[in-house]
1. Can you list the lysines whose alpha carbon sits under 25 Å from that of residue 199, skipping same-chain ones fewer than 8 residues off?
2. In whole Hz and in residue order, list the ³J(HN,Hα) couplings for the range 96-104 that follow from phi through the Karplus curve 6.51 cos²θ - 1.76 cosθ + 1.60, θ = phi - 60°; x for Gly and Pro.
3. What is the sum of charges, Lys and Arg at +1 and Asp and Glu at -1, for the other residues whose Cβ falls under 9 Å from the Cβ of residue 236?
4. Starting from a Cα-only point model with no solvent, please compute log10 I(q)/I(0) by Debye for the range 184-416 at q = 0.11, 0.15 1/Å.
5. For the range 184-416, calculate the relative contact order in percent as a whole number, restricting contacts to Cα pairs under 8 Å that are 6 or more residues apart.
6. Amide H of residue 75 versus every other amide H placed in the peptide plane: which residues, excluding those fewer than 5 positions away on the same chain, fall under 5 Å?
Amino acid sequence: MRWLRARYAVVPAWTAACLLALASLVLGHFDAAAEYKHTVAKDARLAGDRGRTRFIADLSRKVDVHVFALGNPYRVIVDAPDVSFQMPAGLGSEKRGLVTAFRYGLFAPGKSRIVLDVGGPFLIDKAFVLDARDDQPARLVVDLVPTDEKTFLAKLKETPSHEKANESPLPPQSVVRPPNAKPVVVLDPGHGGVDPGAKSAAGVAEKEVVLSFAKVLKTKLEATNRYEIHLTREDDTFLPLRERVAFAQKRGASVFLSIHADYFPAQTDKTKPVIAKGATVYTLSEEASDEEARALAAKENFSDAVAGVALPEDSDEVLANILIDLAQRETKNRSQLFARSIVGELAGRAAVHTKRLRSAGFRVLKAPDIPSVLLELGFLSDPDDEKHLLSDAWRERVAGGVVEAIDGYFAKKIAKNPF
Ligand SMILES: [Zn+2]
């Protein structure tokens, strides 16, 4: 057909020939960032059923895409240069056929991404972009068909994604700063871009409230003139967890503070109501301090999966854990000192969910040599917390508390270890 560009081979049916065509399709990556500025994605929808599910996105113009599959969990990733998403609100939560949900957003500067969550093993049977024609806009089309686990995994092995190939299991070394330099504070607003994080019933996204808070905190810390402050992200861009850690290490961070907002799901057991409101402070540990901390770490660690980053192989994770465990001992006490300082300051200024320090295996806290703390500002599921998270006055007050906590941490650290 005329509308198909030659390099998007049509895969007619599930045959041996199709396997080859599919491999070339999945591996193909076409970089044309400059040429495709200002492409707008205006709408998207699902069609078909479990036998064949089609994803369609309307585009203002044709754009080159890179489409590939990821497992554990099952996902389809569509990468394209510089697409601006102007989709109707609430898109992507409806299930249809093999697709359980989809989301979209900036993945990295100049790189846009659509992620489809898939309910079981699948194959990308077709993926192509159509030119605009008559009254039809340009369209991205991805067709998925079901398969068995074995075939899915065999296909995945054949076509490794770039991210996987680039990942190193070893944590990078932190930069050592000159002795008289100001301490570096790295603030890490969680999620971003294609990964919205938690969402309130009214649609307030964690990625937005944590960025607003981090910006207020940065301004307040700068005003003390005592620290050098960096934000891992300054806008609505996604950053993988290990890149957040590497960011802090590259800048020789003295402390790392990851900022989040939680969501507690509707309670089914009304006899034992759980009050989920206020701030909570977490540090890293191999064994979770309690079930709630374990579940939260699993949720926060899922950020990479939400954004379609390939997770490291299990063996890499184990190796990294052993190395981290050895180096972490020195850092652990300092992380706890930092965490206690935050809890102490917040307790007087805002609702705290618990004064107890909690810990679990948060991937974003795994820099072996940087005291790292994760602060959940509150629960987007709680209407009072939601109001606070959107309030300038609350932000000012709580950020003021965190500044005091950072001051207190450095004062204690210096008192204990002056050299
Ligand atoms: Zn989060």
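1. Within reach: 42, 95, 111, 207, 215, 218, 270, 272, 277, 299, 355, 387.
2. Using θ = phi - 60°, the values come out as 7, x, 7, 8, 9, 5, 8, 8, 7 Hz.
3. On the way: positive: 207, 233; negative: 208, 235.
Net charge around residue 236: 0.
4. -0.51, -0.99
5. Values: 420 pairs, mean separation 70.4, N = 233.
Once normalised by length, the contact order is 30 percent.
6. Here the answer is 70, 118, since their amide H atoms fall under 5 Å of that of residue 75.
No value in this document is a laboratory result; all are computed from the given coordinates. Given the structure is predicted, the values throughout are model-derived calculations rather than measurements. Ideal geometry is used to build each Cβ from the backbone, glycine not excepted, and the neighbour counts take in all protein chains shown.
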